[in-house]
Amino acid sequence: MGIAKSLDEKTGTDHVENVIDSPTLDSLDTIEQTKAGKFSWLVSITAAIGGMLFGYDTGIISAVLVYIGKDLGHTLSSNEKELITSITSGAAFFGAIFAGTTADRFGRKSAIYVGCILFIVGAILQAASFGLALMTVGRLIVGFGVGSAAMIVPLYIAEVSPAKYRGRMIGLDNMSITGGQLVSYGVGAAFAHVHSGWRYMVGGGAIPAIILCCLLPFCPESPRQLIYHGKFEEARKVIRCVFPNGTDLQVDQKIQHITIHVQESKDMTAGKSNWWVLKQLYVIPANFRALVAACGLMAISQLGGFNSLMYYSSTLFHLVGFSNPVAVGTVIAGTNFFFTWVNLMLVDRIGRRRILLCTMQFMGLFLIVAAIAFHWIPINHDLSLVEGAKVGSPAIIVLVSMVCYVGFYSSGMGNTAWLSSEFFPMEVRAMGTMMLTMTCWGSNVIVASTFLTQMENTTPSGAFGFYASICILGWVAVYFCYPEVKGMTLEDIREVFSHGFGVQRAREIQKEMKLRAVQGQDSEYREKASV
């Protein structure tokens, strides 16, 4: 009872006498086995609106590049198009650093607010631009906001979600990203023939940020953050809302369970700088393996070519001869949205690892098909279609292969890469998620700033063949280095990477979880039978 009493002093509970002695912490987390309420879903859906900031921006720039014409004073060159596209990704890289270094001190919600405000300001500046310089500044500010929101939203959702639904709830953020991309293509098509319609396109990006700012006051802070800052009663209220069917004892035990890990994290980081915390990701082997697995998958998800398709799909389909490239790009965005929903429904049932192993190799396959088809499309070195050329079967094959590629991407690593924030222990979770998001945007910058140039220098076939090789090599890396953590609590996941990359250890834990669930059902049945 010694541990229980000391925890009670920290949490302020009045249930010392009810705490059950146990050789493990699992007995303090039985509330996870109860039926969760709607509250955590509503909070996750609200926070996921932040994903629209990312999604809308990546989608709308595709249409803007086609219709901006000479509105910035001259026709933009390929390098200038790459500049206003990639500078947002570069700024997002630094926005993620800001969110990561302040998330523990000021809480998760504060970083989301800052991201929304930056996005609103940046959207207004873009819409008012009449020169390349102001447009670049607007894109820069939007990038800071997108990076902040992209880093903090999945982290926040992970900490307010029941373990058994965490994959689906974080998936809501990814579905919001793809939904934002789909909406952006619709907006792009709607304003395609409006004078200076691109200004309405970029200005409309402020709308989801405004909506999120209005709804955030109704969302609580993460219970782990509340406990971290000593606000136990507020944390108890949040946990009660997340698990309305739990008993008072189970709520208190959940507080104790989180407190043990929070206190352990605080003891490790007490008096330490952010730089010291960041170094723990590299000097502690288990943390470093978690970092490699999480950031490795994120890098593959970006370097595999998907965002080049999102940023430049209208340019790409215009290149191969389609007369309405934005409308054709909408097919890609619609596919992306639908298969993100498929992943959302399957990720907590099938598991992260199995989904990745069933999809990544097919991404590579369809990129190879596209590369072969491009060989038969007459394209000049400056990425213009040879005069007089018409859309033929090779262009149709490119479109079909891109649709298939996006389907496998969205149902696989497009969503799963963002779930990897769950790999990190609490003491380095904010920093780990920051590194995860920085990897996303750093890789994004590489793709956005080189795609058009790479196609000019290596031909479209060479560019898509390169992306295919990354996807196939990524499948091999996932097989050896990416463990399955579905259904585990955030506190339990830290054990996985203490055993190498934890692929085998994760299997053992999954079996133990199933055994405990069966034993719990048997115990419940016996209690009912005795009554």
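Considering only residues that are farther than 25 Å from VAL476 by Cα and within 16 Å of the chain's Cα centre (by Cα), look in the range 332-344 and name the one that is surrounded by the fewest Cβ atoms within 10 Å (Cβ to Cβ). Quick ask: steps written out before the conclusion?
Taking the range 332-344 as the starting set, the residues that turn out to be farther than 25 Å from VAL476 by Cα are 332-335, 337-338, 341.
Checking which are within 16 Å of the chain's Cα centre (by Cα) leaves us with 337, 341.
Details: PHE337: 22, TRP341: 17.
Filtering first and then ranking leaves TRP341.
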- Contact list, first residue from the range 137-155 and touching a residue at least 40 places away in the same chain (Cβ under 8 Å), second anywhere and open to solvent by less than 10 Å² (accessible area, probe 1.4 Å) and not in a helix (DSSP H, G or I), beta-carbon distance below 8 Å, six or more apart or interchain, is GLY138/SER129; VAL142/GLY205
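Mind telling me which of the residues MET488, MET435 ends up being in a helix (DSSP H, G or I), aliphatic (A, V, I, L, M), within 22 Å of the chain's Cα centre (by Cα) and within 30 Å of ARG108 (Cβ to Cβ)?
Details: MET488 fails: in a helix (DSSP H, G or I).
Step by step, each of MET488, MET435 is checked, and only MET435 is in a helix (DSSP H, G or I), aliphatic (A, V, I, L, M), within 22 Å of the chain's Cα centre (by Cα) and within 30 Å of ARG108 (Cβ to Cβ).
Yes/no per residue for (1) within 26 Å of SER314 (Cβ to Cβ); (2) modelled with pLDDT of 90 or more; (3) open to solvent by 30 Å² or more (accessible area, probe 1.4 Å):
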{"position": "GLU80", "(1), (2), (3)": "yes, no, yes"}
{"position": "PHE98", "(1), (2), (3)": "no, no, yes"}
{"position": "VAL114", "(1), (2), (3)": "no, no, yes"}
{"position": "GLY122", "(1), (2), (3)": "yes, yes, no"}
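Working carefully through the options LYS272, LYS279, find the one that is over 20 Å from the mean Cα position of the chain (by Cα), surrounded by fewer than 18 Cβ atoms within 10 Å (Cβ to Cβ) and not in a helix (DSSP H, G or I). Break it down into steps so the answer makes sense when it comes.
Working: LYS279 fails: not in a helix (DSSP H, G or I).
Exactly one of LYS272, LYS279 is over 20 Å from the mean Cα position of the chain (by Cα), surrounded by fewer than 18 Cβ atoms within 10 Å (Cβ to Cβ) and not in a helix (DSSP H, G or I), namely LYS272.
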- Do you know which residues across the range 38-55 are in contact (Cβ under 8 Å) with a residue 24 or more places away in the chain and open to solvent by 10 Å² or more (accessible area, probe 1.4 Å)? PHE39, TRP41, ILE45, THR46, ILE49, MET52, PHE54
- Within the range 493-531, how many residues turn out to be modelled with pLDDT under 75 and among the acidic types (Asp, Glu)? 3
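Here is a check on your reading of the model: is PHE288 surrounded by fewer than 19 Cβ atoms within 10 Å (Cβ to Cβ), of a type outside the set (Asp, Glu) and within 15 Å of LEU182 (Cβ to Cβ)?
So PHE288 does not fit the description; no.
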- Item | Number of the exception - ASN245 against (1) surrounded by fewer than 18 Cβ atoms within 10 Å (Cβ to Cβ); (2) in a helix (DSSP H, G or I) | (2)
- Query: On the given criteria, is ILE61 open to solvent by 10 Å² or more (accessible area, probe 1.4 Å), of a type in the set (Val, Ile, Thr), closer than 25 Å to TRP418 by Cβ and part of a helix (DSSP H, G or I)?
  - Reply: no
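Table: residues versus (1) within 30 Å of PRO425 (Cβ to Cβ); (2) in contact with an Asp or Glu (Cβ under 9 Å, 6 or more places away or on another chain); (3) modelled with pLDDT of 85 or more; (4) basic (Lys, Arg).
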position	(1), (2), (3), (4)
PHE144	yes, no, yes, no
LYS164	yes, yes, no, yes
VAL187	no, no, yes, no
TRP198	no, yes, yes, no
- Restricting the search to the range 64-77, which residues are open to solvent by 40 Å² or more (accessible area, probe 1.4 Å) and over 28 Å from the mean Cα position of the chain (by Cα)? TYR67, LYS70, ASP71, GLY73, HIS74, THR75, SER77
- Item | Number of the condition not met by GLY364 [criteria: (1) in contact with a Cys (Cβ under 6 Å, 6 or more places away or on another chain); (2) open to solvent by 50 Å² or more (accessible area, probe 1.4 Å)] | (2)
- Message: Just checking, does the range 314-324 include any residue being surrounded by fewer than 16 Cβ atoms within 10 Å (Cβ to Cβ) and either modelled with pLDDT under 85 or in contact with a helix residue (DSSP H, G or I) (Cβ under 7 Å, 6 or more places away or on another chain) (or both)?
- Response: yes
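The values are calculated or read from the model by the stated rules, or taken from the named source; none is laboratory data. Quantities reported herein were computed from a predicted structural model and do not represent experimental measurements. Every residue, glycine as well, gets a Cβ built from its backbone with ideal geometry; the counts of neighbours run over all protein chains shown. What goes into the accessible areas is simple: the full protein's heavy atoms, side chains included, and nothing from ligands, DNA or RNA. Shrake-Rupley method; radii C 1.70, N 1.55, O 1.52, S 1.80 Å.
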